[in-house]
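The values are calculated or read from the model by the stated rules, or taken from the named source; none is laboratory data. All of these numbers come straight from a predicted model, not from anything done at the bench. Heads up, the Cβs are rebuilt from the backbone with ideal geometry, glycines too, and the neighbour counts pull from every protein chain shown.
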Amino acid sequence: MMTKLAGRDREPPSRNKPPQAAAQDQIAALRRRVRGHPCHDCPDREEHARRLERRARLQREVERLEATVAGRSHVIARTFQRVCAVLAHLGYTQDGRVTDAGKRLACLYTELDLLAAECLRRGLWDGLGPADLAACVSALTFESRSAEAVAATPQPGGRVRDVLAATMSVWRELDDIEEDNRLSFLREPDPGFAWAAHAWARGEPLESVLGPDLTPGDFVRAVKQLMDLLGQVAVAAGDPLRSTALAAVGALGHGVVTFSSVEDLPDPARGTLPG
């Protein structure tokens, strides 16, 4: 009986070992397993290990990039569907097909292409002369540096003022439609160049059309952008607006605008600018 009781009090040798010794035994066992692995004696073992580590790192990077692209693809797809909904609502597509109005829209390559197409379809520019058309179309190409600059710029009167007001009204309609479809592509039209475009198309000299916020280089760039959109309008529109748009391009293409580059422009502080 005493022998049995003594046996119960005696713990197995491994259980009596301190935690540090048990850990060392485990480490030794793992080292034996490593040494017994078929790859342990490979002369290129370390190189293979580095390559495997690099492969794992690249795999993680690929997975991260794929997740990012997948997320963006979903956003692009949703945005495309919303754009299609807007175009269908406005009649530029019907049953998945491009309408005649949509074909005219496809001829316009500008930030406000949809607004330009609506101005064409609603006839806002019909009956305008070349200078008046240039002034009205400039609201779709020009961007003032500040709201103060727009407020300080004079505006042409007569039919031009009415058309610019109508253009703003059309933009608000389109902006509301975009907002309903969770889009925001169309910036607000800017009439800040209308007076300068109108005056330049009528043959006024450069000194009279430049303002404190409009340098000769800025002016030439603005006119060339305007001429480009007028050329697109000529392609998209039918006569007589096509002829008027081409006449407006010709009326704007004189003086400093015909220089090969804006770097060639003279400095107004050093002499008279060519008109």
> Where in the stretch 1-120 are there helices (runs of 4 or more DSSP H), lying fully within it, with 2 or more residues that are closer than 30 Å to residue 171 by Cβ and either in the same structural domain as residue 174 (by TED's automatic domain parsing) or modelled with pLDDT under 85 (or both)?
Replying inline: 45-90, 100-106
> For the stretch 167-197, how many residues meet the condition of being in contact with a helix residue (DSSP H, G or I) (Cβ under 7 Å, 6 or more places away or on another chain), more than 20 Å from residue 223 (Cα to Cα), surrounded by 13 or more Cβ atoms within 10 Å (Cβ to Cβ) and of a type outside the set (S, T, N, Q)?
Replying inline: 8
>> What pairs come out if I take residues in the stretch 208-228 that are assigned by TED's automatic domain parsing to the domain that holds residue 132 and pair them with residues that are part of a helix (DSSP H, G or I) and polar (S, T, N, Q) whose C-beta lies under 8 Å away, six or more apart or interchain?
In response: 222/138; 226/138
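Here is a yes/no grid of residues against (1) at pLDDT 95 or above; (2) more than 26 Å from the chain's Cα centre (by Cα):
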site	(1), (2)
221	no, no
229	yes, no
245	yes, yes
268	no, yes
> In this structure, is residue 164 touching a helix residue (DSSP H, G or I) at 6+ places or on another chain (Cβ under 9 Å), touching a residue at least 40 places away in the same chain (Cβ under 8 Å), in the same structural domain as residue 254 (by TED's automatic domain parsing) and not charged (D, E, K, R)?
Replying inline: no
> Of these, 203, 250, which one is out of contact with any helix residue (DSSP H, G or I) (no Cβ under 6 Å at 6 or more places or on another chain), at pLDDT 90 or above, part of a loop (DSSP other than H, G, I, E, B) and not acidic (Asp, Glu)?
Replying inline: 203
> Within the stretch 218-235, is there a residue that is β-branched (Val, Ile, Thr), under 26 Å from residue 86 (Cβ atoms) and assigned to a helix (DSSP H, G or I)?
Replying inline: yes
